[in-house]
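What follows is a single structure, written as structure tokens, with notes after it.
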Amino acid sequence: MEKVINYMEIWVKDHMEQQLKQSDICKCEKCKRDIYALALNNLKPYYVVTNKGEVMAKLNTMYQQFETDITIEVEKAIEIVKKSPRHDDHKEY
Ligand SMILES: [Zn+2]
């Protein structure tokens, strides 16, 4: 069976990094993981079968369609984690 991946995970990860750069939120691994999970929970998964030549062009089109939703959900997740970060037990900052 060919590998199926949830492309939303890749998009959210990329987008999150960009949005975090413009935010004053804590960027430790715990907070980043929380933001990532929260955002993904509120977005529909987008599964694709890898190793298909025509997929990449289609993915760019889909990304443009989803980009606004991704921005909104990542922004919401950042606000939630900012208000109640769960990193209290971590050591490095
Ligand atoms: Zn943190």
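Per-structure values
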| quantity | calculated |
| --- | --- |
| Boolean, residue 77 is modelled with pLDDT of 95 or more, open to solvent by less than 100 Å² (accessible area, probe 1.4 Å) and farther than 26 Å from residue 3 by Cβ | yes |
| Residue in the range 53-63 that is of a type in the set (Asp, Glu), within 16 Å of the ligand (Cβ to nearest atom), more than 12 Å from the chain's Cα centre (by Cα) and modelled with pLDDT under 95 present | no |
| Top-ranked residue in the range 1-20 [being modelled with pLDDT of 95 or more and touching a Lys or Arg at 6+ places or on another chain (Cβ under 9 Å); ranked as most open to solvent (accessible area, probe 1.4 Å)] | 17 |
| Looking only at the range 43-52, and only at residues there that are under 26 Å from residue 79 (Cβ atoms) and surrounded by 13 or more Cβ atoms within 10 Å (Cβ to Cβ), the one that is modelled with the lowest pLDDT | 46 |
| Total residues in the range 2-37, condition within 16 Å of the ligand (Cβ to nearest atom) and not charged (D, E, K, R) | 11 |
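Listed here are the residues, each with its yes/no results for (1) in a helix (DSSP H, G or I); (2) farther than 13 Å from residue 77 by Cα; (3) under 15 Å from the mean Cα position of the chain (by Cα); (4) of a type outside the set (Ser, Thr, Tyr).
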site: 8; (1), (2), (3), (4): yes, yes, yes, yes
site: 12; (1), (2), (3), (4): yes, no, yes, yes
site: 16; (1), (2), (3), (4): yes, no, yes, yes
site: 20; (1), (2), (3), (4): yes, no, yes, yes
site: 24; (1), (2), (3), (4): no, yes, no, yes
site: 31; (1), (2), (3), (4): yes, no, yes, yes
site: 35; (1), (2), (3), (4): yes, no, yes, yes
site: 39; (1), (2), (3), (4): yes, no, yes, yes
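The values are calculated or read from the model by the stated rules, or taken from the named source; none is laboratory data. Given the structure is predicted, the values throughout are model-derived calculations rather than measurements. Cβ coordinates were reconstructed from backbone atoms using ideal geometry, including for glycine residues, and neighbour counts include every protein chain displayed. SASA here: full protein model, heavy atoms, side chains in, ligands and nucleic acids out. Shrake-Rupley method; radii C 1.70, N 1.55, O 1.52, S 1.80 Å.
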